[in-house]
Amino acid sequence: MTALDRLFSEAFRIFFFLAGLCAMAAMALWGWWLWQNLLGAGFDLPNDLAPSQWHAHELVFGFGMAATAGFFLTAAPNWTGRPVAGPGFFAAMAGLWLAGRGAVLGWGTVPPVWAAAVVIAFLALLTERMARQLIRRPASQEGLFLALLALMTLAEARVLLDWLGLPFGDAAAGLRGGIAALIALIVALGGRITPSFTRNALVRAGAAPETLPQSRPWLDRIATAAACLAAVLAVLALPERWAGAAQLALGAAQLARMAGWRSLSVWRNPLLAALHLAMLGTGVGALMQGAAAFGLGAEIGALHLSAVAGVGGMILAVMSRATLAQTGRALVAPWPVALAYVLLPAAAAARWAAAALPEIYAPAVLVAAGLWTLAFGLFLASYAPAFFGPRETP
């Protein structure tokens, strides 16, 4: 089997690789555009879109959805006991995803209706494939994931309809809703795996029962419900304070349930610490988004804190851990990836500072873009052997 054959042989290989590539390349192009335009030289992106909307769209629906596809298409066989697809499907979906990135980058040069059709087709086909799998063996948690995937598709549709000048279009609502839906996925999934993986590691280390993580199902339900409500409110562009109240509830519930997860006990284990850091970013970001909805703080800074530390951090943590597990490698983060786990919260802090302190906007936003790009570059360089190489035998 060639390296290219291996890349397309399993969903996590191709889609996690594409997610990392998109995260690095899209942010690098955005950072270069910012650098040039802040210096006054300036250049235009090769499309008719507002540059900030291209940037947001590609990180939410390009990077975010590639990672989501890799996770869902890898996890579904475990949920249902049936294979979800084969290499031909993965290759076709990867090609469709790549075509979508080109369509958005060349929006205007590529006829917009055709570009929109290509972009929405990836999400629609992913949702259809997951629905077909899960309907055979429905479960509440996986059903929630499917509902959030459908909400992501609706959010994407709102963005594309706005760009096409059609009714129901609202790019701002679609982009914010897309981020909120990804956060809801993270709240639900992270609330399951973070305490579970932490418990397993501590049990293997011989920890006493009273020191193990404790989950409170009622807090889990509140956090998940608040995250889902915030996502629906964002996609539908309902009153900002409604969404703000949901974000405050999410942040409070998220931090409250983390109080029982023994986060400080895993700081020496980067794979586990990354999960806890991302869940912390989700909670703090939600509180700050909620406060901003009531006039306290900069909304764009709070949104980036959630997106970078929460969404970006959890995607990196899950991709790096799952790839090691799926390829038979030891569950030990390579040191460059351990560094990347720290770079993302630093990038989030820099981007928040750029919004909170206008006098340092230019250097802070460029630092944030650089740290994010470096983090995913380290991930790609470290995990290339896992994506392209054979499984290892422990």
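The values are calculated or read from the model by the stated rules, or taken from the named source; none is laboratory data. This one's a predicted model, so the numbers in the text were calculated from it and none came from an experiment. For neighbour counting, all protein chains shown are included, and Cβ atoms are generated from backbone atoms with ideal geometry for every residue, glycine included. Heads up: the accessible areas ignore ligands, DNA and RNA and are worked out on the full protein's heavy atoms, side chains in. Shrake-Rupley method; radii C 1.70, N 1.55, O 1.52, S 1.80 Å.
Please specify each residue of segment 44-82 satisfying the condition of being more than 27 Å from T327 (Cβ to Cβ) and aliphatic (A, V, I, L, M).
L45, L49, A50, A56, V60
Based on this model, can you work out whether V104 counts as over 23 Å from L378 (Cα atoms), in a helix (DSSP H, G or I), touching a strand residue (DSSP E or B) at 6+ places or on another chain (Cβ under 9 Å) and of a type outside the set (F, W, Y)?
When the stated conditions are applied, V104 passes them.
Which of the residues belonging to segment 298-326 are closer than 22 Å to L366 by Cβ and not aliphatic (A, V, I, L, M)?
E299, G301, H304, S306, G310, G312, G313
Is it the case that some residue within segment 352-367 is open to solvent by 20 Å² or more (accessible area, probe 1.4 Å), touching a His at 6+ places or on another chain (Cβ under 9 Å), assigned to a helix (DSSP H, G or I) and among the aliphatic types (A, V, I, L, M)?
yes
Where residues in segment 153-175 are of a type in the set (G, A, S) and touching a Gly at 6+ places or on another chain (Cβ under 8 Å), which of them is most open to solvent (accessible area, probe 1.4 Å)?
Applying the filter and picking the extreme gives A157.
Restricting to segment 120-137, name every residue that is part of a helix (DSSP H, G or I) and open to solvent by 50 Å² or more (accessible area, probe 1.4 Å). Quick ask: steps written out before the conclusion?
So the first thing to find is which residues in segment 120-137 are part of a helix (DSSP H, G or I), and the list is 120-134.
The answer is L125, E128, R132.
How do the pairs read when you match residues in segment 107-119 that are farther than 17 Å from L154 by Cα and open to solvent by 40 Å² or more (accessible area, probe 1.4 Å) with residues anywhere that are modelled with pLDDT of 95 or more and in a helix (DSSP H, G or I), using Cβ under 6 Å and keeping only pairs 6 or more apart or on different chains?
Close Cβ pairs (under 6 Å, with a partner that is modelled with pLDDT of 95 or more and in a helix (DSSP H, G or I)) amount to V110/A103; P112/L164.
Can you tell me which residues in segment 325-341 are of a type outside the set (S, T, Y), in a helix (DSSP H, G or I) and open to solvent by less than 40 Å² (accessible area, probe 1.4 Å)? Working first, answer last.
Filtering segment 325-341 down to residues of a type outside the set (S, T, Y) leaves 325-326, 328-340.
Checking which are in a helix (DSSP H, G or I) leaves us with 325-326, 335-340.
The answer is P336, V337, A338, A340.
If a residue must be in a helix (DSSP H, G or I) and either farther than 29 Å from M65 by Cα or not hydrophobic (A, V, I, L, M, F, W, C) (or both), how many such residues does segment 177-211 contain? Lay out the reasoning, then the answer.
First, pick out the residues of segment 177-211 that are in a helix (DSSP H, G or I): 177-204, 209-211.
From what is left, the residues that are either farther than 29 Å from M65 by Cα or not hydrophobic (A, V, I, L, M, F, W, C) (or both) are 177-178, 190-192, 194-196, 198-204, 209-211.
Qualifying residue count, segment 177-211: 18.
Give all pairs with beta carbons closer than 7 Å in which a residue from segment 350-371 that is under 16 Å from H55 (Cα atoms) meets a residue that is open to solvent by 70 Å² or more (accessible area, probe 1.4 Å) and aromatic (F, W, Y); count only pairs at least 6 apart in sequence or on separate chains.
Listed by first residue and then by second, the contacts come to L366/W35.
Output the number of residues of segment 232-267 satisfying the condition of being closer than 15 Å to L212 by Cα, open to solvent by less than 40 Å² (accessible area, probe 1.4 Å) and of a type in the set (S, T, N, Q).
Residues flagged as closer than 15 Å to L212 by Cα, open to solvent by less than 40 Å² (accessible area, probe 1.4 Å) and of a type in the set (S, T, N, Q) within segment 232-267 amount to 1.
One residue is enough: does segment 243-255 have a residue meeting the conditions touching a Gly at 6+ places or on another chain (Cβ under 6 Å), over 15 Å from A180 (Cβ atoms) and not small (G, A, S)?
Within segment 243-255 (the criterion being touching a Gly at 6+ places or on another chain (Cβ under 6 Å), over 15 Å from A180 (Cβ atoms) and not small (G, A, S)), the answer is yes, since at least one residue qualifies.
Being outside any loop (DSSP other than H, G, I, E, B), within 23 Å of A188 (Cα to Cα) and either touching a residue at least 24 places away in the same chain (Cβ under 8 Å) or aliphatic (A, V, I, L, M) (or both) is the filter here, so list the residues in segment 78-101 that pass it.
W79, T80 - these are the residues of segment 78-101 that are outside any loop (DSSP other than H, G, I, E, B), within 23 Å of A188 (Cα to Cα) and either touching a residue at least 24 places away in the same chain (Cβ under 8 Å) or aliphatic (A, V, I, L, M) (or both).
Counting just the residues of segment 27-45 that are in contact (Cβ under 8 Å) with a residue 40 or more places away in the chain and under 21 Å from the mean Cα position of the chain (by Cα), which one comes out most open to solvent (accessible area, probe 1.4 Å)?
Of everything passing the filter in segment 27-45, A28 is most open to solvent (accessible area, probe 1.4 Å).
Take F61 and tell me if it is of a type outside the set (S, T, Y), open to solvent by less than 50 Å² (accessible area, probe 1.4 Å), within 21 Å of the chain's Cα centre (by Cα) and within 23 Å of I135 (Cα to Cα). I'd like the intermediate steps shown before the answer.
Numbers: of a type outside the set (S, T, Y): yes; open to solvent by less than 50 Å² (accessible area, probe 1.4 Å): yes; within 21 Å of the chain's Cα centre (by Cα): yes; within 23 Å of I135 (Cα to Cα): no.
So F61 fails the test.
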